[in-house]
Each structure stands twice: as C-alpha cells, then as structure tokens.
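The values are calculated or read from the model by the stated rules, or taken from the named source; none is laboratory data. On a predicted model such as this, the values are computed, not experimentally measured, just so you know. Counting neighbours? That spans all protein chains shown, and the Cβs are built from the backbone with ideal geometry, glycine included. Surface accessibility is based on the protein's heavy atoms, side chains included, excluding ligands, DNA and RNA. Shrake-Rupley method; radii C 1.70, N 1.55, O 1.52, S 1.80 Å.
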Amino acid sequence: AIDLGLSEVIQAFHHQRPRVNLELEELPPPQLEARLLDGTLDMVLTRAGHNAQPRLTYRRFADEGYCLAIPEGHPIEHREHVEVTALHGEPLLFFPRVFHPELHDAWVSTFHHADCSPRLVQEVRSLQTELALVRCGLGLALVTESIAARPRRGIVYRPIVGEVPRVQVDVAWRTQDG
C-alpha cells in the first residue's frame, strides 16, 4: 500500500514520464479487465476481492478504511466517530452494486449483522455527484479515508468504527507471455 492518493500518483507519474498519455476511465471492474485483456487499456485500478483473471497480474495499490460524509449541521457531525448502528434510519447515498459487487455485499452484510437499516435514498455513480448531494443535505455517504482527508466546504467527515469493510484497490496489467 502507498500513502499517496491517486491524484498524487498521477502527478508524480506525469512528472517522471511527461510524454506518456494518460487517459482515465471509470467503469465496473469486469469491463475494465475485459478492456485490459483485449489490449484497449494498458493498466487498471480495480477493487480487490473479485475473481482475478488468470492472464492478469495484480499488485496492491491501496488499503484503507471508511469515513462517513455528513452535511454540516447534521446531528452526527458532533460525534468524534460513528458506529454502523448510528446509520439506522438515516438517508444513505450508495454506489451501484454493479460497480463493486463484493464491497456492496460486504456493506449490506455489515448493516444486517449490526441490525441496522439505513434508508438507501439513491444510487450514485460518481464521487463528485455523491459529495454534492451530501453537501445539499440529501443524504450521508460512505467514503474512503483518502477522500475524507481532502476537506470540502459544507461536508464533515467522521471515521466509521467497528467491524466494517475496508477498501482494497489493486493495480492490474496483462501478464507477459513466456
């Protein structure tokens, strides 16, 4: 795992290799890996824990916990940290299962084991949209520690404690033949 966020890694890479063209796409892991296998992409960042493709090589890029993104003024804002049970009945913005099935299912299982039922108010495909909706007071959101480390006006972040999933991201590329 590294201590740099994606933006810092991209900046460092661009500084070291300014003539390499970087094109970033956000797709569900199976689509990213299919494009990697067909040669359309050279490298991908993908959530760990899925069924690894045998013709790809994977290395851990990041491993981090979660925080809760809360609109300023929400009662949870005054807590030092948040337990999963505090989300019971709260409006929650969540990512579509197709993007990260294992992580999605891990969170659903976490809610179930904590006897907690947040109100899933909307599936959101983009982090920027999700944070904009939090800021507007339309819901709370689960975000990684690296996202929470970057302050945003109108949003407060609190660590989620207890038995909760972690985000593990791998970098993957085609395994060389021979």
Looking at the structure I just gave you, is Phe13 open to solvent by 70 Å² or more (accessible area, probe 1.4 Å) and assigned to a helix (DSSP H, G or I)? yes
Exercise. Inspect all residues belonging to the range 77-90 and state whether any of them is more than 18 Å from the chain's Cα centre (by Cα) and of a type in the set (S, T, N, Q).
Key: yes
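State all residues of the range 20-39 that are assigned to a loop (DSSP other than H, G, I, E, B) and at pLDDT below 90; if no residue qualifies, say none. Quick ask: steps written out before the conclusion?
Of the range 20-39, the ones assigned to a loop (DSSP other than H, G, I, E, B) are 20-28, 38-39.
Scanning the range 20-39 gives Val20, Asn21, Leu22, Glu23, Leu24, Glu25, Glu26, Leu27, Pro28.
Somewhere in the range 18-26, is a residue surrounded by 13 or more Cβ atoms within 10 Å (Cβ to Cβ) and either within 23 Å of Ala132 (Cα to Cα) or of a type outside the set (Val, Ile, Thr) (or both)?
To start, the set of residues in the range 18-26 that are surrounded by 13 or more Cβ atoms within 10 Å (Cβ to Cβ) comprises none.
There is no residue in the range 18-26 that is surrounded by 13 or more Cβ atoms within 10 Å (Cβ to Cβ) and either within 23 Å of Ala132 (Cα to Cα) or of a type outside the set (Val, Ile, Thr) (or both).
Could you check how many residues of the range 59-75 are within 14 Å of Ala141 (Cα to Cα) and part of a strand (DSSP E or B)? I'd like the intermediate steps shown before the answer.
Pass one, the range 59-75, residues within 14 Å of Ala141 (Cα to Cα): 65-72, 74.
Now restrict to residues that are part of a strand (DSSP E or B): 66-71.
So the answer is 6.
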For the range 89-102, pairs from a residue that is of a type in the set (A, V, I, L, M, F, W, C) to a residue that is open to solvent by less than 40 Å² (accessible area, probe 1.4 Å) and part of a strand (DSSP E or B), with Cβ under 6 Å and 6 or more apart or across chains, are Leu92/Leu140; Leu93/Ala141
Going through (1) over 28 Å from Ala132 (Cβ atoms); (2) open to solvent by less than 20 Å² (accessible area, probe 1.4 Å); (3) in a loop (DSSP other than H, G, I, E, B) one by one, Asp42 fails only at (2)
Residue pairs within 7 Å by beta carbon, gap of at least six or interchain, first lying in the range 38-62 and more than 15 Å from His100 (Cβ to Cβ), second open to solvent by 60 Å² or more (accessible area, probe 1.4 Å) and in a strand (DSSP E or B), listed first then second, are Asp42/Trp173; Met43/Trp173; Arg55/Arg174; Leu56/Trp173; Leu56/Arg174; Thr57/Trp173; Arg60/Gln168
